[in-house]
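Notes to accompany the following structure.
The values are calculated or read from the model by the stated rules, or taken from the named source; none is laboratory data. Bear in mind that the values here come from a model prediction, so they are computed numbers and not experimental data. A quick note on method: Cβ atoms are made from the backbone with ideal geometry, for glycine too, and the neighbour counts reach across all protein chains shown. Just so you know, the surface numbers come from the protein's heavy atoms only, side chains and all, with ligands and any DNA or RNA stripped out. Shrake-Rupley method; radii C 1.70, N 1.55, O 1.52, S 1.80 Å.
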Amino acid sequence: MSDTQLADWRNHALTLESEVNKVIVGQHIPVRLITTSIFARGHVLLEGDVGVGKTTLLRAFTRGIGGGYQRIEGTIDLMPNDLIYHTYLGEDGKPHVSPGPILMSGENLSVFFFNEINRARPQVHSLLLRVMAERTLTAFNREYHFPHMLVFADRNQVEKEETFDIPSAARDRFMMEIPIVVPNDDSIMESLVFDTRFHDADKLVSNVPENILQFDQLNSFASLLQNSISASPTLRSYVLNLWRATKTPTDFGVKVSGVDMNRLVLSGASPRGMAMVLRAARVNAWLNERTAVLPEDIHDVFHATVAHRLVFSPVYEMRRTEIARDMLTGIIHAIAAP
């Protein structure tokens with residue numbers, strides 16, 4: 001791919017970031033990570049409390065990249081078929097079938113948001129994971145394709161009744177888990193509460209220009225991008241050491257306050273996970289006008305791509321977010337960068 005093509009796409013990507021940041025204030029890091037996931041073509045878990053703007057954020061991105069946006073709420077009585085079709089009685093008194101959220105936009109489905117995924121039963125998770133992996137679905141005696149679809153999901157992290165935790169193997173299907181938190185800035189907090197333009201999500205999203213990117217060209221560009229950004233043998237060795245440290249942090253002298261490190265990690269990052277780290281790091285390098293991955297590109301995506309893949313002893317699971325953050329920070333400090 002020519003330098004001109006890389007630069008043109010980068011300019012559009014940075015324009016998208018800038019426009020989203022105008023309507024979603026105080027979330028520059030999540031916006032960059034979501035931009036990275038879009039160009040790395042990876043599915044994303046979103047972490048955050050209710051009302052922090054996750055839906056508005058995804059709608060803003062979808063408007064900027066084009067294609068269809070669909071959303072579903074996780075509930076205890078949700079069944080796999082509810083993702084595929086709806087049945088209802090028409091005015092003629094006869095039963096009718098209409099497409100469910102996955103089928104509604106057809107091949108143009110660009111972003112699918114599963115809100116509170118852990119409220120849905122494992123059978124629903126199973127269907128979603130299959131669609132994520134294969135980007136196909138068989139229904140009504142035909143096969144549907146979703147070549148451009150990215151799945152975003154968040155979890156209810158407050159209530160434990162009638163929820164079903166996503167197992168580690170399922171979490172591994174997501175490229176990233178990105179925290180969305182209320183900005184710790186008084187001026188931003190005041191704007192979110194008192195500035196009425198942030199109270200109308202529809203109007204806010206409409207301020208993002210349409211089709212800054214072409215959603216149906218992202219797959220081909222993403223493939224070329226991965227082949228255009230290099231990773232040196234030294235950098236590869238560094239990444240392998242980071243990977244080893246996620247499995248046996250004590251071997252590298254990593255410590256977390258108040259944690260018995262010998263009992264902490266049941267499983268480190270998977271091979272898929274470390275491949276995702278490199279995919280995301282290449283995108284990060286490109287967004288920063290580099291043609292080769294540097295350690296700082298790994299650092300910028302390391303937490304988001306690895307933390308949700310770690311499997312801890314049950315006694316530490318309730319503190320997963322805090323411990324994973326501290327452990328991965330310790331790994332980066334412990335492993336000398338080239």
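Structure values in brief
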| item | result |
| --- | --- |
| Electrostatic dipole magnitude of segment 115-217 [Cβ: Lys, Arg +1; Asp, Glu -1; Cα centre; debye, to 20] | 600 |
| Residue-span extension gain [Thr329 to Asn219] - 0.36 nm each, minus C-alpha spacing | 36.4 nm |
| Angle between the chain longest axis and helix 122-134 axis [Cα atoms, degrees, rounded to 10] | 80 |
| Rounded percent of accessible protein surface that carbon and sulfur make up, segment 184-338, 1.4 Å probe | 50 |
| Mean separation of Cα contacts under 8 Å (6+ apart) over length of segment 247-338, as relative contact order % | 38 |
| Amide H contacts under 5 Å for Leu266, placed H, 5+ residues apart | Val311, Phe312, Ser313 |
| Burial ranking of peptide ranges 20-29, 194-203, 295-304, 138-147 (average Cβ count within 10 Å, highest at the top) | 295-304, 20-29, 138-147, 194-203 |
| Modelled FRET efficiency - R0 30 Å, Ile188 with Glu296, Cβ distances, 0.05 increments | 0.70 |
| Cβ charges +1 (Lys, Arg) and -1 (Asp, Glu), total dipole of segment 255-315, debye | 240 |
| Rounded to the nearest 20 debye, dipole of the chain from Cβ charges on Lys, Arg, Asp, Glu | 1080 |
| Efficiency of FRET between Ser313 and Asp92 - r from beta-carbon atoms, R0 51 angstrom, step 0.05 | 0.30 |
| Charge tally in the Cβ shell below 11 Å around Ser230, where Lys, Arg are +1 and Asp, Glu are -1, Ser230 excluded | +3 |
| Considering only the chain, percent of DSSP beta bridges that pair antiparallel, nearest 5 | 40 |
| Normalised contact order of the chain, rounded percent, pairs of Cα under 8 Å and 6 or more residues apart | 22 |
| Listed candidates [x] 19.6; [y] 28.6; [z] 16.5 - label of the one calculated as mean projected area of the Cα convex hull in nm² | [x] |
| R0 of 45 Å, Cβ-Cβ distance Ser206-Arg236: FRET efficiency to nearest 0.05 | 0.50 |
| Where labels lie 7 Å past Cα in the beta-carbon direction, separation of Met104 and Ser126 in nm | 2.6 |
| Lysine pair count for the chain [Cα-Cα under 26 Å; pairs on different chains or 8 or more apart] | 5 |
| Per residue value of the accessible surface for segment 1-52 (all protein chains in place, 1.4 Å probe), Å² | 40 |
